[in-house]
Amino acid sequence: DGGITQSPKYLFRKEGQNVTLSCEQNLNHDAMYWYRQDPGQGLRLIYYSQIVNDFQKGDIAEGYSVSREKKESFPLTVTSAQKNPTAFYLCASSAGLAGVRYEQYFGPGTRLTVT
Amino acid sequence: DAKTTQPPSMDCAEGRAANLPCNHSTISGNEYVYWYRQIHSQGPQYIIHGLKNNETNEMASLIITEDRKSSTLILPHATLRDTAVYYCIVRASGSARQLTFGSGTQLTVLP
C-alpha cells in the first residue's frame with residue numbers, strides 16, 4: 001500500500017532533550033512538509049522540502065530542524081530551543097511540481113508530549 | 001493565498017446532505033478551492049478541489065459560485081464517520097508551496 005508513515009504515534013520526552021520524529025513516504029512524491037497542530041487550532045507549517053537536499057522554513061521554524069537526504073524520508077528534530085514543543089505533528093507529501101494536480105497526503109501524526 | 005471564512009461548527013442528521021459553506025471573497029483568478037477533512041487525532045484527508053466549474057467525486061460535490069467568491073462542499077448522504085473538521089483552502093496551483101489551514105468547520109453527524 002502506498003502512503004505516509006510516521007512513527008511513533010505517541011512520544012514522551014523530558015524538557016531539554018532533542019527528539020526526532022520520523023516520516024517516510026512511498027508515493028514517489030518530490031515535496032514533503034511538516035505541520036504542527038495545537039488543540040482546537042488549524043495546522044501551521046514548520047518546514048517543507050521540494051526536492052532532495054533542499055528545504056525551506058515555514059511559518060514557525062524556530063526550534064526545529066530537518067534533513068532531506070533521501071526522497072522518501074523527511075525527519076523532523078524538535079530541539080530544546082523550541083519553547084512549546086508539546087503538540088500533534090503531521091507530515092505530508094505531494095507531487096508538488098508545476099502543472100501537476102496538487103493535493104497533499106498526510107500521515108497519521110505523532111503526538112509529542114514534553115514534560 | 002486568499003483567506004477563507006467558515007462557520008466554526010455545523011450539525012447534520014445521518015443520511016441527510018451536509019452542506020458546508022466557505023467564503024473566499026479575495027480569491028484571484030489562478031487560485032483553486034481545496035477541501036480537506038480531519039477526523040479527530042488523525043492526519044487530514046484530501047476531499048476535492050476545483051477552479052470554477054462544479055466538481056464531483058466519490059466522496060463529495062463542490063459547488064463554486066459564478067463570481068468564485070464562495071463555495072459549498074456537499075456530502076450527499078452524511079454518515080457518522082463523516083464527523084470531522086472540514087477545511088476550505090484556496091491557493092494557486094503549480095507550485096509546491098504549503099497549504100494554509102485555518103480553523104475549519106466542525107461537522108457533527110447526528111444519529
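The values are calculated or read from the model by the stated rules, or taken from the named source; none is laboratory data. It should be emphasised that the depicted structure is a prediction, and the values quoted were computed from it without experimental measurement. Cβ placement follows ideal geometry from the backbone for every residue including glycine, while neighbour counts extend to all protein chains displayed. In case anyone asks, the SASA skips ligands and DNA or RNA and just uses the protein heavy atoms, side chains included. Shrake-Rupley method; radii C 1.70, N 1.55, O 1.52, S 1.80 Å.
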> What's the local net charge at A:HIS29, with K and R +1, D and E -1, over the other residues with C-beta under 11 Å away?
Replying inline: -2
> Net charge near B:ARG16, counting Lys/Arg +1 and Asp/Glu -1 over other residues with Cβ under 15 Å of its Cβ?
Replying inline: -2
>> Can you find, among B:SER103, B:SER70, B:TYR86, the residue sitting farthest towards the positive end of the charge dipole of segment B:32-111, where Lys and Arg contribute +1 and Asp and Glu -1 at Cβ?
In response: B:SER103
>> Going by Cα centres, segment A:4-35 and segment B:43-87 are how many Å apart?
In response: 29
> Between chains A and B, what is the buried accessible area in Å², counting both sides, with a 1.4 Å probe and ligands, DNA and RNA left out, to the nearest 100?
Replying inline: 1800
>> If each residue of separation counts as 0.36 nm, what is the full-extension length gain between B:SER9 and B:LEU80 once their alpha-carbon separation is subtracted?
In response: 24.0 nm
>> With unit charges on the beta carbons (Lys and Arg positive, Asp and Glu negative) and the dipole taken about the Cα centre of segment B:1-72, which residue among B:THR5, B:ASN57, B:ALA18 sits farthest to the positive side?
In response: B:THR5
>> Can you tell me which of A:PRO85, A:PRO39, A:PRO75 moves the most in a GNM of chain A? Springs connect C-alpha atoms under 10 Å apart.
In response: A:PRO39
> What average count of beta carbons from other chains do you get within 10 Å of the Cβ of residues in A:42-49?
Replying inline: 4
> Applying the Karplus parametrisation 6.51 cos²θ - 1.76 cosθ + 1.60 with θ = phi - 60° to the phi angles of segment A:75-87, what ³J(HN,Hα) value in whole Hz is obtained for each residue in order, glycine and proline being reported as x?
Replying inline: x, 10, 9, 9, 8, 5, 7, 6, 6, 10, x, 5, 5
>> If I model a spin label at A:ASP54 and A:THR115 as a point 7 Å from the Cα along the Cα→Cβ vector, what separation in nanometres do I get?
In response: 4.4
> What is chain A's relative contact order, in percent, from Cα pairs under 8 angstrom and six or more apart in sequence?
Replying inline: 35
>> Counting only other chains, and only Cβ atoms inside 10 Å, what mean value do you get across the residues of B:42-54?
In response: 4
> Excluding B:GLN106 itself, what net charge comes from residues whose Cβ is under 14 Å from its Cβ, given Lys and Arg +1 and Asp and Glu -1?
Replying inline: -1
> Within the protein assembly as shown, how many Lys pairs sit with Cα atoms under 26 Å apart, leaving out pairs fewer than 8 places apart on the same chain?
Replying inline: 13
